[in-house]
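Below you'll find the structure, written out as structure tokens, and then a few comments.
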């Protein structure tokens, strides 16, 4: 188990690992991409336990161990993030999500009734599920401490309950997270949103950032370790900056502004909108737009040439 944690904080740009399939070929490409990134200016790697049936986390762990053994990086110089909340499987063990639920989660006390389903995604706020997922993520990554751990698409669970019940469940989950911080398994936690920014006018997805901050501070008995809010941000999905639907004190402001009101760092994902932006915009325009709108940007890629291009554009933006 690799000890330590990042001393440098999340980088302006991060390498995302959600794209691709379950193949060994894609894993080999990811190991190369991660290794290249961590030795060429990018210090942050983003993953999730459900990405590619755990393959992405395992690829991250393999690449990091190899670089450390070759003395090419130090643990304190790299920043690793992951997520939990969605039902996941283990492709290497030939277990799809439902089989994983039956054979691994149910014996530990997690049932299908703990999940809310939406468009094939099963999401839960049950801390017991996160306990199991975090232990598995730590095993996959080989890290003693994960720098940031996100609650993945919590707005799905909101669909099945009144808003106050949702806040209460988030509060209990925040309490679990604060315990994990004290135990040294994570450094910070956050929320990774999807539908709330993709469909900002739909009330069924909406909740208040201010209330979550209050709940986190309540369980922490002061300043909490709730620090990051991740959401889609690109030329085709600008709502986090342009739609004013968050109430803070007497003001109504955007999601991004609400985050900054409470010193939460914003993390943009899908800057190319899964390629849909390329019909109208260049890579340079899209990178510049993303970097101008959030504190950090995740670029999903396993192509070293693309990573190099993005990094060079980002460097020009920062200078």
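The condition (being crowded, with 16+ Cβ neighbours inside 10 Å and under 25 Å from residue 26 (Cα atoms)) is satisfied by just one residue among 148, 104, 110: 148. Of the residues in segment 261-273, none is part of a helix (DSSP H, G or I), within 19 Å of the chain's Cα centre (by Cα) and surrounded by 21 or more Cβ atoms within 10 Å (Cβ to Cβ).
Checked against (1) in contact with a helix residue (DSSP H, G or I) (Cβ under 8 Å, 6 or more places away or on another chain); (2) part of a helix (DSSP H, G or I); (3) in contact (Cβ under 8 Å) with a residue 24 or more places away in the chain, residue 122 passes all but condition (2).
Within the option set 82, 37, 6, being farther than 17 Å from residue 140 by Cβ, buried (at least 24 other Cβ atoms within 10 Å of the Cβ), touching a residue at least 60 places away in the same chain (Cβ under 8 Å) and within 19 Å of the chain's Cα centre (by Cα) holds for one residue only, 37.
Scanning segment 274-319 for residues that are within 21 Å of the chain's Cα centre (by Cα), part of a loop (DSSP other than H, G, I, E, B) and farther than 21 Å from residue 192 by Cβ turns up just one, 303.
Taken together, the values in this text are just the output of simple stated rules run on the coordinates, not laboratory data. What you are looking at is a predicted structure, and each value in this text was computed from that prediction instead of being measured. A quick note on method: Cβ atoms are made from the backbone with ideal geometry, for glycine too, and the neighbour counts reach across all protein chains shown.
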